[in-house]
1. Name the residues in segment 623-636 that are open to solvent by 10 Å² or more (accessible area, probe 1.4 Å) and touching a residue at least 12 places away in the same chain (Cβ under 8 Å), would you?
2. So is R782 more than 30 Å from P692 (Cα to Cα) and not hydrophobic (A, V, I, L, M, F, W, C) or not?
3. Might you check whether a residue that is of a type in the set (A, V, I, L, M, F, W, C), within 21 Å of I509 (Cα to Cα), open to solvent by less than 10 Å² (accessible area, probe 1.4 Å) and part of a helix (DSSP H, G or I) occurs anywhere in segment 20-35?
4. Could you pull out every one of the helices (runs of 4 or more DSSP H) wholly within segment 738-838 that has 1 or more residues that are among the β-branched types (V, I, T)?
5. Go through segment 661-683 and count every residue that is among the acidic types (D, E) and either crowded, with 18+ Cβ neighbours inside 10 Å or under 21 Å from R185 (Cα atoms) (or both).
6. List every residue pair whose Cβ atoms sit under 9 Å apart, with the two residues 6 or more apart in sequence or on different chains, where the first one lies in segment 6-35 and is at negative phi and at pLDDT 95 or above and the second, anywhere, is open to solvent by less than 10 Å² (accessible area, probe 1.4 Å) and among the acidic types (D, E).
7. Looking only at segment 410-430, which residues are surrounded by 14 or more Cβ atoms within 10 Å (Cβ to Cβ), part of a strand (DSSP E or B), touching a residue at least 24 places away in the same chain (Cβ under 8 Å) and not β-branched (V, I, T)?
8. Would it be correct to say that A227 is under 24 Å from T291 (Cβ atoms) and modelled with pLDDT under 95?
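The values are calculated or read from the model by the stated rules, or taken from the named source; none is laboratory data. Since the structure is predicted, the reported quantities are computational estimates derived from the model, not experimental observations. All Cβ positions, even for glycine, are placed from backbone atoms using ideal geometry, and neighbour counts span all protein chains on display. With ligands, DNA and RNA removed, areas are computed over all heavy atoms of the protein, side chains included. Shrake-Rupley method; radii C 1.70, N 1.55, O 1.52, S 1.80 Å.
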Amino acid sequence: MPGPELLAPAGDWQSLVAAVQNGADAVYLGATAFNARQSAANFEPRVLARAVDYAHVRDVKVYVTANVLVADRELETAARLLRVLYNVGVDAVIVQDLGLVRLIRDLVPGLEVHASTQTTAHNLPTLELFKKLGVRRVVLARELSLKEIVHLRKHGGLEVEVFVHGALCVSYSGQCLMSSLVGGRSGNRGRCAQPCSLPYTFYRDGTPIPGAPGPYLLRPRDLNLSAHLPELVRAGVDALKIEGRMRRPEYVATVVRIYRRLLDRLAAGNFAVTEEEERELAQVFNRGYTTGYYFGRSGWALMAYSRPNNRGLALGRIRRYLPKRREAEIVLDAPLNTGDTIEVWASVGGRVATVVREMWVDGRPAKAAPPGAAVTLPLAGRVRPGDRVFKTEDAALERRARETFTSPREQKNIPLTFKVSVREGVPLKLEVTDPGGFSVTAESAVPAVRAERRPLTADTLKAQLGRLGNTPFGLGKLDCRIEGEVMLPLRELNEVRRRALERLEAVKITARRPPALEASDFERRLRGYLQKRPVRIFSRPERPRLTVAVGNLAGVTAAVEAGADVVYFPGEGLGAARTIGFEQLVEAGDVCRRGGASLVLWLPRILHDRDLVRWDQLLAESDRFISGVLAGNPGVFLMAGGRPELVADFPLNIFNRLTLSLLAELGATRVTLSLELTLEQVRELAANAPVPVEVLVHGALPVMVSEYCVVGSLLDPEDGDRCTVRCRTGRFALRDRLGLRFPVGVDSACRMHVFNAKDLCAVEQVPALIRCGVAAFRVEGRLRDAAYLRGVVEIYREVIDRCLSRGPDWRVPPRYKERLRDFSPQGLTSGHYFRGVL
């Protein structure tokens with residue numbers, strides 16, 4: 001049984017070479033647009049084509065990332081890029097945007113699609129839906145346990161890819177809006193500024209809570225599953241992914257080399273991770289290591305509280321420091337060589353880093369020093385005895401890694417079978433076959449002649465034809481048929497070998513390229529495709545609905561009494577003292593019925609398979625008194641399809657008309673647009689939508705959802721993953737460097753939800769949104785109390801009604817916003833309605 005594919009990152013050409021030469025089975029890389037690492041060098045089309053050829057000659061697959069949300073105005077450009085990718089023979093594209101999945105299916109159906117981890121795929125119904133949409137492989141959410149991965153691989157019907165090494169996001173990928181709402185740089189558009197790597201202070205009930213292990217409360221450690229490859233292989237995982245398109249090629253070379261060795265060792269039945277391999281993985285980059293969620297939640301042990309970037313390897317401590325000479329004596333716990341980079345974690349003044357240019361052991365100059373030695377070296381800075389020292393770069397390790405992608409002599413060695421036949425009077429014939437079955441022949445330019453002396457022998461042919469040093473090939477087997485004593489000039493042997501290898505490379509490249517999609521025909525189909533408008537299957541409502549999302553029964557009552565038309569409840573149950581069950585749903589239904597409002601069952605956006613039983617049961621039991629379902633998870637479209645009201649929620653990242661139309665085809669009767677759209681983009685989508693559209697207009701917008709709970713981890717650090725429900729003991733927030741406090745809520749599944757510091761307020765844009773054709777306006781109130789909900793909903797009810805009675809050109813008086821400002825002491829924001837995202 002073949003082992004899993006080893007998939008490596010390639011942020012630039014050198015990283016591509018590093019990955020290929022060190023044993024990757026496949027690489028993933030980005031074009032210069034539409035990928036989630038826009039800060040990487042990436043590959044423009046001509047270089048990308050060369051990269052694909054380079055990899056395919058060496059039996060390595062190439063997956064191109066198109067894992068961002070695509071705006072309507074970009075669909076034409078994205079489609080043309082997909083045609084280019086198809087024509088150059090990429091093996092698959094990795095996609096986040098469901099609209100792009102549909103476009104590929106309709107215009108480039110031969111292009112294999114992998115669902116990105118940005119799709120937040122984590123349950124069986126989602127995989128089943130993706131399979132129906134034509135997806136071949138899914139990159140699972142990093143929050144899944146090994147047991148869940150086994151279940152999804154066995155029953156999902158798709159290839160499964162998981163991360164095994166590198167950086168972790170604290171939020172579920174595809175569900176984080178923190179960088180977007182704080183700084184306008186969207187992770188869903190490949191521009192994440194990583195605000196999770198900044199320092200925060202933990203607050204409870206308005207008071208800072210001391211005792212955190214460090215200030216980086218949202219920065220996970222790096223994932224490292226090198227010791228757990230046997231479990232992943234037994235799980236049937238199809239691909240093991242190394243994170244790191246922003247990493248240096250030396251990092252790629254080192255990590256890929258070690259994982260390649262481990263997988264080969266595992267296949268041979270003698271798996272073990274050596275101390276040297278552990279040390280090299282940690283040396284090349286680490287923030288401390290974790291196994292993530294593969295073996296359950298690990299609480300505070302998941303996090304790199306003290307440092308958000310590379311910490312290197314512990315080297316020792318300062319024993320003495322001579323400030324006048326600016327020299328330090330360090331007792332080593334690990335080897336040290338000149339050229340290495342070290343960093344002192346100074347007790348006063350932060351970090352002090354230097355490259356070791358010279359050092360002394362026992363008063364003598366030294367190039368190298370072993371563990372246990374006391375070395376003296378120049379060190380300027382505010383350091384003190386007892387300060388810890390780390391080696392952040394090992395010069396020898398870096399040099400060895402660099403040689404693998406800079407030397408003309410390749411590390412790659414594909415064994416070839418050479419068959420040679422030669423006799424007097426005819427050209428020598430060479431047939432070359434690679435392990436994949438590709439075969440070519442070449443002949444010498446001149447015939448062989450009778451040998452006067454030194455006739456050709458098998459040894460001569462082996463020596464001459466085996467000179468393959470600067471190619472990715474090696475001589476695996478030589479089959480000779482030499483008739484009589486003949487000879488051929490050595491230069492002819494070299495030339496026939498060269499021609500055969502050129503032909504082999506050409507055959508391998510051509511075989512991986514599909515029949516080209518011609519530009520003229522593609523452009524004609526593309527124009528027709530994008531000009532086609534979906535059939536509107538609804539009548540524009542005369543009166544837009546006011547919808548309110550709440551998390552507890554008090555909120556339901558407040559929203560209905562204040563004039564809500566629709567109540568979404570209970571969602572994750574934030575703000576509820578206990579888990580919402582059937583009895584609370586019945587009570588909420590009664591409140592809505594008496595108040596003339598509709599109750600829509602709000603399903604959480606994160607629904608692991610273990611959660612589905614409960615929600616399936618609630619869905620079945622509540623059918624008689626709910627009017628519909630609010631779905632923020634793709635799998636819900638299979639669970640709740642066919643209901644008269646199925647509302648697609650904003651976590652589905654509805655960013656363009658293709659995604660909107662696809663969800664309508666899947667059964668959505670209303671769609672909630674992405675929170676990252678501008679007012680103009682909303683207008684364009686609403687004008688041609690096949691179903692009514694909804695937008696958020698007020699409230700604390702969620703910026704991330706995470707399996708990591710900062711509340712439990714900091715208040716109960718000794719309890720690990722055992723929840724003591726401390727989240728019910730107060731109101732919590734994270735304060736950033738600017739003094740803004742981001743509210744934190746914890747749901748009934750112990751997942752953390754972080755909300756934007758400033759409340760969204762689009763009250764002044766209500767008339768414009770009505771003119772756009774928006775059919776529903778939502779107030780986000782799941783984290784708020786009844787007084788907040790009653791006050792805010794009453795204002796929006798009044799504004800919508802006045803707008804309808806006075807006409808859509810009515811201007812909202814400033815007093816409404818001033819009244820709303822009273823409910824939001826940290827201030828208000830218009831979100832992305834005017835600025836948009838990068």
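1. Of the residues in segment 623-636, the ones open to solvent by 10 Å² or more (accessible area, probe 1.4 Å) are 623-627, 634.
Across segment 623-636, the qualifying residues are F625, I626, S627, P634.
2. Details: more than 30 Å from P692 (Cα to Cα): no; not hydrophobic (A, V, I, L, M, F, W, C): yes.
Taking the combined requirement at face value, the residue does not satisfy it.
3. To start, the set of residues in segment 20-35 that are of a type in the set (A, V, I, L, M, F, W, C) comprises 20, 24, 26-27, 29, 31, 33-34.
Filter again for within 21 Å of I509 (Cα to Cα), leaving 20, 24, 26-27, 29, 31.
Add one more test, that the residue is open to solvent by less than 10 Å² (accessible area, probe 1.4 Å), and what stays is 20, 24, 26-27, 29, 31.
Now narrow it down to the ones that are part of a helix (DSSP H, G or I): 20.
There is at least one residue in segment 20-35 that is of a type in the set (A, V, I, L, M, F, W, C), within 21 Å of I509 (Cα to Cα), open to solvent by less than 10 Å² (accessible area, probe 1.4 Å) and part of a helix (DSSP H, G or I).
4. Numbers: elements: 766-772, 786-806, 814-821.
Qualifying helices (runs of 4 or more DSSP H): 766-772, 786-806.
5. Summing the residues that are among the acidic types (D, E) and either crowded, with 18+ Cβ neighbours inside 10 Å or under 21 Å from R185 (Cα atoms) (or both) in segment 661-683 gives 2.
6. Correct list of pairs: L7/E161.
7. L416, F418, K419, S421, R423, E424, L428, L430
8. When the stated conditions are applied, A227 does not pass them.
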